[in-house]
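Written out below as structure tokens is the structure these notes cover.
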Amino acid sequence: MRYAIVIEKAGNNVSAHVPDLPGCVATGPSVTAVEEEIRAAIRFHLEGLRADGALIPAPTSLAEYVEA
């Protein structure tokens, strides 16, 4: 499954979250680092949902850039 992520500058760090997986977040010192961390966080989050017998949310969020 491919989940959309949102990456934001957060002070001296970079943070990421997954709109389709509430509570699934990661931080890191760079975009590259936070991308690696959010991949691991998604896997961990999904493993926890499976272990709890919860449904795995389907990816539904879309990300797009628009000119303003």
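Conditions tested, residue by residue: (1) among the small types (Gly, Ala, Ser); (2) at pLDDT below 95.
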| position | (1), (2) |
| --- | --- |
| 1 | no, yes |
| 10 | yes, yes |
| 17 | no, no |
| 31 | no, no |
| 41 | yes, no |
| 45 | no, no |
| 60 | no, no |
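For region 4-39, which residues satisfy the criterion of being hydrophobic (A, V, I, L, M, F, W, C), over 20 Å from residue 60 (Cα atoms) and out of contact with any helix residue (DSSP H, G or I) (no Cβ under 8 Å at 6 or more places or on another chain)? Result: 10, 31, 33, 34. What residue, among those in region 26-45 that are out of contact with any Leu (no Cβ under 8 Å at 6 or more places or on another chain) and aliphatic (A, V, I, L, M), is farthest from residue 15 (Cα to Cα)? Once the filter is applied, the top-ranked residue is 40.
The values are calculated or read from the model by the stated rules, or taken from the named source; none is laboratory data. Since this is a predicted model, take the numbers as computed values, not measurements. Here Cβ is always computed from backbone atoms with ideal geometry, including for glycine, and neighbour counts include all displayed protein chains.
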